[in-house]
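*Asks:* Questions regarding the structure given below will be posed in turn.
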Amino acid sequence: MLRGGSDSELASTLSRESTLTIMDAPGIRKDAAGKPIASAEAVVIVDMPKKSNDSGANVTIRGVGAEAMALRPESISSLAGCFQRGLRELIVGVGAQAQFKGLDVDSHIALRGSDWTIVGAFASNGDSHESELLADGETVLSSYRRNLYQSVVVLLDSKESFAAFKKLAHYEPAALGRRDARARLLTRTSRNA
């Protein structure tokens, strides 16, 4: 879910209050502890040197919530390790790892004057996430001195739950708007890459 009027994640901003409203919406599946299976996500673009010619290119760091892996169990498989909440740790998509220097497991990279450790790598069925670096969302926001998220990804109880979830936009129009299915958003993003 993106902010109303946004046509991409980078153009979207959602307050913490808005993300909580979205994650408390009807129709969202809950985990065993009763928490919504949802992830408020922050997106940051960083410059990394390419392996092919040392020139810099944009790479996405995606700060994710605690339930992010539960949202994508069939598409994100960790090949080695996972980041810990509150630490400057990253897991790297195999696409980014193949294209950019310094992203091997146990490597360290400098981001915003801080040392970050690559603790793992992941595959995602060849989708655009494989070109990203994943980290704890709160750590990304803190490190980049930000307060706003770009999107919220949720797991619905069923296809039928979408109708109830969609109604939330009528009650919170300033916070909600684009209700693109994740696949459509990723397809558009991949085509434009």
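Read-outs throughout are calculated quantities, based only on the coordinates presented, and are distinct from any laboratory measurement. Note that this is a predicted model, so its numbers are computed, not measured. Backbone-built Cβ (ideal geometry, glycine too); neighbour counts: all protein chains shown.
*Asks:* Would you kindly state how much longer the chain becomes between H108 and K30 on full extension, computed as 0.36 nm times their sequence separation minus their alpha carbon distance, in nm to one decimal?
*Replies:* Taking H108 through K30 to full extension adds about 24.5 nm, to one decimal.
*Asks:* Sticking with this one: Please work out the ratio of the alpha-carbon Rg of the stretch 74-162 to 2.2 N^0.38 Å and round it to two decimals.
*Replies:* Ratio of Rg to 2.2 N^0.38 Å for the stretch 74-162: 1.19.
*Asks:* Can you compute the modelled spin-label distance between Y144 and L10, with each label point 7 Å from Cα toward Cβ, in nm?
*Replies:* So the label points at Y144 and L10 sit 1.1 nm apart.
*Asks:* Diagonalise the Cα gyration tensor of the stretch 16-177 and give the resulting equivalent ellipsoid semi-axes, square root of 5 times each eigenvalue, largest first, whole Å.
*Replies:* 30, 17, 14
*Asks:* Which percent, to the nearest 5, of DSSP beta bridges fully inside the stretch 16-177 are antiparallel?
*Replies:* Restricted to the stretch 16-177, the bridges split so that about 70 percent are antiparallel.
*Asks:* Which loop GluC sites (Glu not before Pro) in the stretch 76-171, with loop taken from DSSP, have no more than 13 other Cβ atoms within 10 angstrom of their Cβ?
*Replies:* Here the GluC sites (Glu not before Pro) that fit, given the DSSP loop and packing criteria, are E160.
*Asks:* For K166 paired with N125, estimate the spin-label separation in nm (one decimal), with each label point 7 Å from Cα along the Cα-to-Cβ line.
*Replies:* Placing both labels 7 Å beyond Cα along the Cβ direction yields 2.2 nm.
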